[in-house]
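Asks: Pasting in a structure now, in structure tokens, and then I'll have a few things to ask.
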Amino acid sequence: MTETKQNNILETRDVKLWYGQKEALHGINLSFPEKGITALIGPSGSGKSTYLRALNRMHDLEDNITVTGTFDFKGTDIYAPTTDTVELRKRIGMVFQQPNPFPFSIYENVIFGLRLAGVKDKAVLDEAVEKALRQASVWDEVKDDLHKSALGLSGGQQQRVSIARVLATSPDLLLLDEPTSALDPVSSHNIEETLLNLRNDYAMIIVTHSMSQASRLSDRTAFFLSGDLIEVDATKHIFLNPQRQETQDYVSGRFG
């Protein structure tokens, strides 16, 4: 399916990825608008998380993986030899399946990226901490404990602090790899509310196994199957009137 170029923050064309000799992604063409949430759905092994991790070069950390194709992020080639991956991962932040706070205070967790960037002004750091924790819908719960270890928080709070840590560096794009799958239903609901509150300010791409989560959260949905992008459209069309039989079979629960 061809997508228009207008107001896209990221465009990927003919993306292929190999684990050694095994091709895991077969020429993915997918673009993302400047704001809103796109869900990537599909059964385990379909390539959705593999594709997501390619968007901020997380595969650089693994051996024997080859990535080809075009990755145009606001006019920058993500895979250009001159691309600074530290800077790239500030602009394209990632939230993982398991909450991953660092073993120090909530405050130091949130400003980690700013400290890496050399920011030292305490007033600037204080303001960034409060803003990011408010955006992540966890400020009221932790504001009196900022200098206590983030490891003492609940799983849901840890995940929201992890989101705040990404937001503190003012990213352009958020990647979320099944961010609620390790959480209880109440914590999952809190994360979903947080993402809905952010959807007008950020571009977000979320990998999810939950059809209901994709339908609740996303503006657009892309369906992956066996390393191919089968269909991408407005979420309501994917779930109510998909163009491809494979999509219909998956969203209706016939397989996956």
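FYI, it's all coordinate maths here, none of it is from the lab. Since the model is a prediction, treat every value here as computed from it, not as a measurement. A quick note on method: Cβ atoms are made from the backbone with ideal geometry, for glycine too, and the neighbour counts reach across all protein chains shown.
Asks: By per-residue mean of other Cβ atoms within 10 Å, what is the highest-first order of 11-20, 171-180, 230-239?
Replies: 171-180, 230-239, 11-20
Asks: Averaged over all directions, how much area does the convex hull of the C-alpha atoms of segment 156-216 cover when projected, in nm²?
Replies: Computed as one quarter of the Cα hull surface, the answer is 3.9 nm².
Asks: Relative to the present Cα-Cα distance, how much length would full extension add between TYR79 and ASN100 at 0.36 nm per residue of separation?
Replies: Fully extending the segment from TYR79 to ASN100 adds 5.0 nm.
Asks: When the convex hull of the Cα atoms of segment 139-179 is projected onto a plane and the area is averaged over all directions, what value comes out in nm²?
Replies: 3.4 nm²
Asks: Using only Cα atoms, what Kirkwood radius does segment 1-147 have, in angstroms? Write out the running numbers ahead of the final one.
Replies: Values: mean 1/r = 0.0565 Å⁻¹.
Result for segment 1-147, one decimal place: 17.7 Å.
Asks: Mind jotting down the distance between the C-alpha centroids of segment 83-105 and segment 134-157, whole Å?
Replies: Between the Cα centre of segment 134-157 and that of segment 83-105, the gap is 18 Å.
Asks: Using 0.36 nm per residue, how much length does the chain from ASP184 to TRP18 gain when fully extended, once their Cα-Cα distance is taken away?
Replies: Additional length available on full extension: 56.3 nm.
Asks: Provide the packing ranking of 150-157, 105-112, i.e. peptides ordered by the mean count of other C-beta atoms within 10 Å per residue, highest first.
Replies: Ranked by mean Cβ neighbours within 10 Å, highest first: 105-112, 150-157.
Asks: What 222 nm value per residue comes from the helices of the chain, counting each DSSP H run with n ≥ 4 as -39,500 (n - 2.57) and dividing by all residues, nearest 500 deg cm²/dmol?
Replies: About -9500 deg cm²/dmol.
Asks: Largest first and in whole Å, what are the equivalent-ellipsoid semi-axes of segment 105-254 based on the Cα gyration tensor, each being the root of 5 times an eigenvalue?
Replies: On the way: eigenvalues 238, 50, 28 Å².
Equivalent ellipsoid semi-axes, largest first: 34, 16, 12 Å.
Asks: Can I ask one more? May I ask you to work out the translational diffusion coefficient for the chain at 37 °C, viscosity 0.692 mPa s, via Stokes-Einstein with Rh from the Kirkwood sum over Cα pairs, reported in whole µm²/s? Display every interim value, and only then the final one.
Replies: Values: Rh = 18.8 Å.
Approximately 174 µm²/s, per Stokes-Einstein.
Asks: Along each of its three principal axes, how wide is the spread of alpha-carbon positions in segment 209-256, in whole angstrom units, largest first?
Replies: So the three principal-axis extents are 24, 19, 17 Å.
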